Amino acid sequence: MEQRTRNLRTATLIGVILLLGVPAAAVEPVSVLLKGHDEPIEGYLREVSHSRYLLQGENVYYSFPADQIVTVDGKKSFPESVRGSGRLIYSTLYEKLLPNGDVEIWLRNEVENDSAIHLKGTDWGAAAWEKDELETLEVYDNFANRLPVKIIPRGDGGFRVEVDFLVPVAPGESLGLSVRKVRRAAAKLADGEWSYTFMLGFPEDRYLTRKIELPHGAELLDHYTGCWRFNIEDRLLLISQHYYPADTSQPLIVTWKMP
């Protein structure tokens, strides 16, 4: 038996005690006292798996088992909010900023088959404003196959993206997908300076790893909080890892200029 699934999950590793900024969020931070600490830490507390939690505060990030928590807001019981709004989705995003203002985007997804039958494909929704991006869409599996893609209009102006697997996913297995698309004129030029804005708007809790490659020769002027800078083979890379509670609304802006 075969079926198509919407169960897209994206895998990335969670580090321990990473220096990060704190995003604006729809939920409220809490005060958490951990074993071995004299003072509580203010931040967003989220259960990431059974009996394991993350805590992201001002310039600090922790990942730890539940038994390391002494109190939350002075109480030994955990508030319901720490379970988040639903699934915690892990996403890895690579964005290559091109000299003409276009942005080449790669998204790493993992399809997990937790059913009892083979999966022949997957699908997801896309908004009306993504129409131009869908024209450049390419999807590859972890066997380096480029997969067949269908873009189907919906009655609300949006689209359904259907992807067929060339190698079915058996029960208990997973299949890695790399999704590529190009966002035309996403970066804007004004007064000799380029600016690229990524607007957060995730409907579910998200742990996002972003890797941004600037154009060759670019001089970085400014970036949002919590980025590491790397120079690799004459490429300037910004890398960030953040936990964003559901419905976080915040622009992440990078600015640069060319010689």
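The values are calculated or read from the model by the stated rules, or taken from the named source; none is laboratory data. Everything quoted here is computed from the prediction, not taken from an experiment. A quick note on method: Cβ atoms are made from the backbone with ideal geometry, for glycine too, and the neighbour counts reach across all protein chains shown.
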Which count do you get for residues in the stretch 128-173 that are in contact (Cβ under 8 Å) with a residue 40 or more places away in the chain and not in a loop (DSSP other than H, G, I, E, B)?
12
Restricting the search to the stretch 182-214, which residues are part of a loop (DSSP other than H, G, I, E, B) and more than 23 Å from H242 (Cα to Cα)?
R184, A185, D191, G192
I'm told I41 meets every condition in (1) closer than 30 Å to K257 by Cβ; (2) buried (at least 16 other Cβ atoms within 10 Å of the Cβ) except one. Can you identify the failing condition by its number?
(1)
Against the definition (outside the structural domain of P203 (by TED's automatic domain parsing) and either part of a strand (DSSP E or B) or farther than 28 Å from L200 by Cα (or both)), how does E39 come out, yes or no?
yes
Pick from V169, V139, V161: which is in contact with an Asp or Glu (Cβ under 7 Å, 6 or more places away or on another chain) and either hydroxyl-bearing (S, T, Y) or surrounded by 14 or more Cβ atoms within 10 Å (Cβ to Cβ) (or both)?
V161
Condition test on W124, is it free of Cβ contacts under 8 Å to residues at least 24 places away in the same chain and either within 18 Å of S240 (Cβ to Cβ) or not assigned by TED's automatic domain parsing to the domain that holds S51 (or both)?
no
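Please work out which residue is modelled with the highest pLDDT, limiting yourself to the stretch 57-69 and to residues that are in a strand (DSSP E or B) and surrounded by 14 or more Cβ atoms within 10 Å (Cβ to Cβ).
Within the stretch 57-69, the match that is modelled with the highest pLDDT is I69.
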Does N100 fit the bill of being under 29 Å from G226 (Cα atoms), in the same structural domain as T248 (by TED's automatic domain parsing) and surrounded by fewer than 12 Cβ atoms within 10 Å (Cβ to Cβ)?
yes
Take G176 and tell me if it is part of a loop (DSSP other than H, G, I, E, B) and modelled with pLDDT under 95.
no
